[in-house]
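Undergrad: Shown below is the structure under consideration.
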Amino acid sequence: ADRHPQTTVEEIYRRNALVADVPLEQLPKIFPTPASYEEKPGVLVLDAAGTIGYHPDFRQEAEYLSAMVGQLLGKRLRLTEGSDQGSIRLEKAADADMAAGAYRLSGKPDAYTISSANAQGIFYGIQSLRSMLPAGSKNTLYPLPPGQSPAPPPSGSRGPALRLPLVEVNDMPRFGFRSLMLDVARNFHPKQQVLKVLDLMALYKLNVLHLHMSDDEGWRVEIPGLPELTAVGGRRGHSVDELTALLPSYGSGPDVNNTTGSGFYTRADYLEILRYARQRHIKVIPEVEMPGHARAAIKSMDARYARLMKEGKAAEAAEYRLSDPEDKSQYRSVQEWKDNVMNVALPSTYKFLEKVVDELVAMHREAGAPLDIIHMGGDETPAGVWERSPACSTLIAREKLGGVDDLWYYFYDRVAKIVNQRGLQLYGWEEAAMRKTRRDGRNVMIANPDFGNRNFQVDVWNNVMGEGMEDLTYRLANAGYKVVLSGVSNYYFDMAYVKDYYEPGFYWGGYVDVDKPFYFIPFDLYKNAKEDDQGNPLPPTIFTGKDRLTEYGQHNIVGIQAALWSETVKTAARQEYMLLPKLLGMAERAWAPDPAWAREKDEAAAARLYAEAWSKFANIVGKRELPRL
Ligand code: TNX
């Protein structure tokens with residue numbers, strides 16, 4: 001239905017009313033903005049007779065390029081080993097110190113050379129070439145707007161040909177960690193859709209897919225040896241009415257007509273996702289959500305327990321249990337669940353975690369994409385948990401812990417050991433890195449000083465709720481945590497675009513439109529924070545805060561992550577609607593150098609650059625109509 005006419009990219013340009021001032025020809029033809037860019041007169045004409053010369057280290061990239069260009073020309077380009085010949089040359093840079101992902105791109109009328117010390121760099125050089133291909137070509141994922149046809153082939157060429165503008169580019173990523181978090185737990189999104197998203201990520205030079213594969217509503221990956229996880233946890237355990245009642249206060253809430261939501265990746269599916277991602281230099285980081293947001297896992301392991309008890313196998317039944325019937329604790333999670341937190345005093349809880357981590361490690365190894373980091377959840381564990389659990393009381397006494405609060409640190413200490421023993425880096429939500437303490441007679445949350453030195457990486461999401469949270473990023477980074485910027489206000493893509501009754505999405509963290517991801521400036525934020533008349537920091541579209549970021553802290557900010565939670569995202573069309581074009585602003589901030597306006601606090605320059613950025617978006621996405629829902 002045509003209810004919300006603003007939901008076309010074209011309308012958004014018009015709304016910003018700036019775009020028309022900047023002629024497209026004057027903008028870099030590469031997105032995200034390269035570190036340096038120069039355009040020269042002339043073109044390279046590439047037709048099916050073209051060849052790709054490659055350094056042997058870059059064979060995989062050469063094949064990828066050949067297939068990609070082949071889609072446009074109707075024939076794969078021939079590969080020749082050695083980078084001193086060919087219409088496109090993939091060259092090994094002599095400069096071995098070149099940063100991961102850095103590359104040079106140099107266009108001449110007879111050959112294009114991509115040069116890098118590493119395969120990632122070559123891959124990104126190829127993506128830059130890709131962004132110069134004409135809008136509407138098949139491989140850009142975006143069809144031409146209706147009524148427009150592709151440019152005719154140049155005269156003299158045989159069959160279809162591509163005209164590549166000649167540019168000189170010297171480029172490298174701003175951040176090493178450029179991530180999209182995809183929630184496939186709340187509502188399942190099938191393998192084919194994940195592969196499509198991986199292609200999109202490659203185009204924008206993102207290099208991490210953080211897969212949120214388990215939550216209260218579902219467990220989405222087959223774990224050999226624990227069939228209940230997917231047989232029970234992969235299906236919706238409750239009706240849509242029940243769900244609607246459970247989420248009374250969040251945004252537009254669940255789509256009551258939804259019939260999807262069930263599903264999981266088989267082992268083979270997961271391996272395919274990993275291989276597909278690896279070819280695109282994207283690291284998949286699986287998340288095992290814990291100890292809260294774990295209802296699907298808990299119910300699955302209860303089912304396993306019941307089955308084995310019936311079969312008379314009591315010892316085996318107790319093996320991987322996550323809940324304890326003796327635990328009479330009362331709590332309600334943010335999403336109103338009363339039974340979604342693992343019991344941290346059960347030895348079987350740790351056995352379960354070890355088993356799951358081991359199986360994930362094995363699958364990643366088999367796919368040729370070995371894990372070196374794993375996400376172990378940690379967000380939103382409700383108050384009241386473990387308070388009336390005899391097992392927890394015994395544990396507190398035995399370990400001489402101060403009380404229930406200390407169970408949190410005990411838990412993540414053990415989780416860290418499980419992960420570190422397997423040679424993996426621990427990664428989690430910010431809460432996993434925080435500690436409650438008393439200050440001036442009040443409870444405040446501080447960066448837990450015990451974990452900061454353990455190479456523990458955290459997603460910092462909360463820059464909107466609670467007193468003193470604005471500068472959490474800085475405090476965690478200053479305390480030694482590796483910090484990924486994932487603030488709700490700018491990077492939670494499940495927030496609705498605008499406040500409109502028909503716009504899908506949550507709004508508990510405000511509205512995330514196309515501006516917010518683009519305008520977020522990673523740091524130096526304190527200096528740039530805007531203030532009201534009284535000198536109070538204004539609510540953040542960028543982080544404000546009280547603690548300054550130290551130089552050491554700045555070094556610990558490793559990247560940016562956009563998060564697409566899926567309570568309200570039930571179809572592929574909706575997923576793409578929430579992702580695009582928000583993802584472009586995020587990709588620009590994650591890859592491109594900080595824009596001058598961020599340093600100079602120059603509003604006019606900001607507006608100009610912003611307009612330019614939008615023109616670039618137009619260049620790449622075309623005037624694609626966003627799906628209407
Ligand atoms: C908060 S912030 C969550 C998710 C929800 C999301 C919805 C955080 C780490 N957890 O469980 O899906 O809000 O916007």
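For every residue, the table says whether it meets (1) among the hydroxyl-bearing types (Ser, Thr, Tyr); (2) away from the ligand (no atom under 14 Å from the Cβ); (3) touching a residue at least 12 places away in the same chain (Cβ under 8 Å); (4) touching a Gly at 6+ places or on another chain (Cβ under 6 Å).
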site	(1), (2), (3), (4)
171	no, yes, yes, no
175	no, yes, yes, yes
185	no, no, yes, yes
195	no, yes, yes, no
199	no, yes, yes, no
202	no, yes, yes, no
206	no, yes, yes, no
210	no, no, yes, no
213	no, no, yes, no
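Undergrad: Being within 16 Å of the ligand (Cβ to nearest atom) and surrounded by fewer than 21 Cβ atoms within 10 Å (Cβ to Cβ) is the requirement here; does residue 278 meet it?
TA: Spelling it out, it is not the case that residue 278 is within 16 Å of the ligand (Cβ to nearest atom) and surrounded by fewer than 21 Cβ atoms within 10 Å (Cβ to Cβ).
Undergrad: Can you find a residue that is on the phi < 0 side of the Ramachandran plot, under 21 Å from the mean Cα position of the chain (by Cα), at pLDDT 85 or above and within 16 Å of the ligand (Cβ to nearest atom) anywhere in the range 592-599?
TA: Checked against the condition, which is being on the phi < 0 side of the Ramachandran plot, under 21 Å from the mean Cα position of the chain (by Cα), at pLDDT 85 or above and within 16 Å of the ligand (Cβ to nearest atom), the range 592-599 yields no hits at all.
Undergrad: Then there is this: Restricting to the range 562-574, name every residue that is within 22 Å of residue 590 (Cβ to Cβ) and away from the ligand (no atom under 11 Å from the Cβ).
TA: 562, the sole residue that qualifies.
Undergrad: All but one of (1) over 19 Å from residue 235 (Cα atoms); (2) outside any helix (DSSP H, G or I); (3) over 13 Å from the mean Cα position of the chain (by Cα) hold for residue 195; state the number of the condition that does not hold.
TA: (2)
Undergrad: Looking at (1) within 16 Å of the ligand (Cβ to nearest atom); (2) farther than 16 Å from residue 558 by Cα; (3) modelled with pLDDT of 90 or more, which is the one condition that is false for residue 405?
TA: It fails just one condition, (1).
Undergrad: Has the range 424-435 got any residue that is farther than 26 Å from residue 361 by Cβ and free of Cβ contacts under 8 Å to residues at least 60 places away in the same chain?
TA: Checking the range 424-435: at least one residue is farther than 26 Å from residue 361 by Cβ and free of Cβ contacts under 8 Å to residues at least 60 places away in the same chain.
Undergrad: Still on this structure, I have one more. Taking the options 319, 287, 311, name whichever one is in the same structural domain as residue 185 (by TED's automatic domain parsing), of a type outside the set (S, T, N, Q) and loosely packed, with under 15 Cβ neighbours inside 10 Å.
TA: That would be 311, the only listed residue that is in the same structural domain as residue 185 (by TED's automatic domain parsing), of a type outside the set (S, T, N, Q) and loosely packed, with under 15 Cβ neighbours inside 10 Å.
Undergrad: So in the range 444-476, with the set limited to residues that are at pLDDT 90 or above and under 22 Å from the mean Cα position of the chain (by Cα), which one is nearest to the ligand (Cβ to nearest atom)?
TA: If we take residues in the range 444-476 being at pLDDT 90 or above and under 22 Å from the mean Cα position of the chain (by Cα), then 461 is nearest to the ligand (Cβ to nearest atom).
Undergrad: So, one more: On the basis of being within 26 Å of the chain's Cα centre (by Cα) and modelled with pLDDT of 95 or more, does residue 429 make the cut?
TA: So residue 429 passes the test.
Undergrad: Can you tell me which condition residue 200 does not meet? The list is (1) in contact with a strand residue (DSSP E or B) (Cβ under 7 Å, 6 or more places away or on another chain); (2) outside any loop (DSSP other than H, G, I, E, B), and all the others hold.
TA: (1)
Undergrad: Still on this model: Being surrounded by 14 or more Cβ atoms within 10 Å (Cβ to Cβ), under 21 Å from residue 383 (Cβ atoms) and of a type in the set (S, T, N, Q) is the requirement here; does residue 443 meet it?
TA: no
Undergrad: Answer yes or no as to whether residue 413 is touching a residue at least 60 places away in the same chain (Cβ under 8 Å) and out of contact with any Pro (no Cβ under 9 Å at 6 or more places or on another chain).
TA: no
The values are calculated or read from the model by the stated rules, or taken from the named source; none is laboratory data. Given the structure is predicted, the values throughout are model-derived calculations rather than measurements. We place every Cβ from the backbone using ideal geometry, glycine too, and count neighbours over all the protein chains shown.
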